[in-house]
1. Taking amide H atoms as placed 1.01 Å from N in the peptide plane, list the residues 5 or more away in sequence, or in a different chain, whose amide H sits under 5 Å from that of G82.
2. Would you mind working out the magnitude of the charge dipole of the chain relative to its Cα centre, with +1 at each Lys and Arg C-beta and -1 at each Asp and Glu C-beta, to the nearest 20 Debye?
3. Which ordering of I79, I94 is given by a fewest-first count of other beta-carbon atoms within 10 Å?
4. Just from its helices, what would the mean residue ellipticity at 222 nm be for the chain, if runs of 4 or more DSSP H residues each count -39500 (n - 2.57) and the sum is divided by every residue, rounded to the nearest 500 deg cm²/dmol?
5. If you take every DSSP beta bridge whose two residues both sit in the chain, what share of them, in percent to the nearest 5, is antiparallel?
6. Would you calculate the separation in nanometres between label points at E38 and N14, each defined as 7 Å from the Cα along the Cα-to-beta-carbon direction?
7. Cut-off under 20 Å on the C-alpha distance; same-chain residues fewer than 8 positions from K106 excluded. Which lysines are left, in chain and number order?
8. Given Cα pairs under 8 Å that are at least 6 residues apart, what percent is the relative contact order of segment 4-155?
Amino acid sequence: MSKGLVAYFSASGNTKKIAEMIAEEGGFDLHEIAPEKEYTKADLNWMDKKSRSSVEMNDKAFRPAIKKSDLDISGYDKILIGFPIWWYVAPTIINTFLETYDFAGKQIVLFATSGGSGFGNTVKELQLSAPDVEVTEGKLLNNVSRQDISEWVKQL
């Protein structure tokens, strides 16, 4: 029987709520991709070109540090990775996560929350950080009900 993991990064709490529902509906384990240094409201001000998130997203090689954890992904077959869309792609902390673990032989499915944009080049940019595994665009989950999530999880 395959075992699933929902790993997520959530700067404001929106993605966390969705990740928790997915984990519950699918019977998956849950793991937060936590930044070593938490993001403040000022850090997330996308209108300020000098804000932390703006600086990170303007440099595709930037890899924000993540908190150390005892996560062992070896027992998981399917890994759902969730995040908010920043500048039409995943935040670079997701690249950090993908480059930290060996995902060979795993199925990676993405999900995201967004204030208005879609996945854009997300899969292409994340694939570079996990070249030995297929990264699949999953679903944009904005304003969804538990029923919507349940139906999506069943399709996985």
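Derivation of every value follows stated rules applied to the coordinates shown; laboratory data play no part. Remember, predicted model here, so these are calculated numbers, not experimental data. Glycine also receives a Cβ, built like all others from the backbone with ideal geometry; neighbour counts cover every protein chain displayed.
1. Answer set, sorted by chain and number: A7, Y8, F9, F111.
2. Working: 18 positive and 22 negative charges, 86 e Å.
It comes to approximately 420 debye.
3. Working: I79 25, I94 28.
Lowest count first: I79, I94.
4. Details: 5 runs with 45 residues, N = 156.
After summing the helix terms and dividing by the residues of the chain, the value is -8000 deg cm²/dmol.
5. Values: 2 of 22 bridges.
Given both bridge residues lie in the chain, the antiparallel proportion sits at roughly 10 percent.
6. 2.0
7. Straight-line reach from K106, under 20 Å: K3, K78, K124, K139, K154.
8. Values: 263 pairs, mean separation 36.3, N = 152.
Worked out over segment 4-155, it gives 24 percent.
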